[in-house]
Amino acid sequence: MDAGIFLPLVVVLGCCVLATVTDIRQYKIYNALTLPVLLGGIVYHLVGGGLASSLLGALVGFFILFIPYLIGAMGGGDVKLMAAIGSWVGVETTLLVIGIGCAAAAICSLALLARQGRLRESWIGLQIAFLKLQALSGPLGCEDDREHFRESVQQARGLRRRVVPFSIMLTVGVIVALGIRVWSQSTIQ
């Protein structure tokens with residue numbers, strides 16, 4: 001394995017495992033974990049070259065997950081975790097991790113919801129998320145739409161429950177994406 005990918009691999013996997021443990025136990029990913037990892041990735045690439053890729057990876061990871069955070073579909077720790085991952089692996093791998101993580105989350109969530117008989121409840125949650133996205137338009141919508149949104153959120157607020165901590169899915173995404181990166185490097189050489 002190329003030495004240039006070994007340290008990012010170890011740091012990102014270690015960070016994801018720690019984040020997953022605290023997310024499962026306490027439904028929280030601590031800034032004390034994500035922020036030093038984020039800064040470490042930037043410093044690592046500042047010294048070793050690739051600072052632009054590190055910064056773009058962090059920004060892409062942050063902003064792609066920031067929208068689900070705004071509508072309440074994800075916690076802030078997940079957003080910061082993805083930014084930290086992006087600072088180490090760059091834009092291309094960040095997009096791969098997010099895609100694999102989202103696909104894994106969708107599959108896992110649907111299986112759990114079907115098993116628990118909560119597909120209808122989740123459909124309501126998706127409708128709430130859609131209404132929240134509509135509300136982000138703010139002044140562009142009419143007052144009646146915003147009032148309907150508030151009423152819908154109030155009625156369904158008690159129905160929403162966390163299905164799966166997303167850090168697990170990001171860890172799956174990191175393992176698969178970094179495995180692809182390592183495999184592709186070994187087949188090229």
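The values are calculated or read from the model by the stated rules, or taken from the named source; none is laboratory data. Everything quoted here is computed from the prediction, not taken from an experiment. So basically every Cβ, Gly included, is an ideal-geometry build from the backbone, and we count neighbours across all protein chains shown. Calculation scope for accessible area: heavy atoms of the full protein, side chains included, ligands and nucleic acids excluded. Shrake-Rupley method; radii C 1.70, N 1.55, O 1.52, S 1.80 Å.
Side notes on the structure shown:
- Filtered residues of segment 44-89 (kept if closer than 26 Å to Val21 by Cβ, open to solvent by less than 50 Å² (accessible area, probe 1.4 Å) and of a type in the set (Gly, Ala, Ser)): Ser54, Gly57, Ala58, Gly61, Gly72, Gly75, Gly76, Gly77, Ala83, Ala84, Gly86, Ser87
- Any chance Gly61 is within 14 Å of Val89 (Cα to Cα), out of contact with any Lys or Arg (no Cβ under 6 Å at 6 or more places or on another chain) and modelled with pLDDT under 95: no
- Filtered residues of segment 17-56 (kept if of a type in the set (Val, Ile, Thr) and part of a helix (DSSP H, G or I)): Val17, Thr20, Val21, Thr22, Ile24, Thr34, Val37, Ile42, Val43, Val47
- Here Leu55, Leu18, Leu81, Leu39 are screened, and the one residue that is in contact with a His (Cβ under 9 Å, 6 or more places away or on another chain), at pLDDT 95 or above and of a type in the set (A, V, I, L, M) is Leu55.
- The set of residues from segment 98-109 being closer than 10 Å to Ile64 by Cβ and β-branched (Val, Ile, Thr) comprises just one member, Ile98.
- Within segment 28-39, residues that are closer than 15 Å to Ser87 by Cβ and open to solvent by less than 30 Å² (accessible area, probe 1.4 Å) reach partners that are outside any loop (DSSP other than H, G, I, E, B) and among the charged types (D, E, K, R) with beta carbons closer than 7 Å, at six or more positions or on different chains, in the pairs Thr34/Lys80.
- Criterion: open to solvent by less than 100 Å² (accessible area, probe 1.4 Å), in contact with a Phe, Trp or Tyr (Cβ under 6 Å, 6 or more places away or on another chain) and at pLDDT 60 or above - qualifying residue of Leu113, Leu95, Leu131, Leu119: Leu131
- Hey, Val164 under 28 Å from Asn31 (Cα atoms), among the β-branched types (Val, Ile, Thr) and modelled with pLDDT under 80 or not: yes
- Enumeration of residues in segment 89-136 that are among the hydroxyl-bearing types (Ser, Thr, Tyr) and within 30 Å of Ala52 (Cβ to Cβ): Thr93, Thr94
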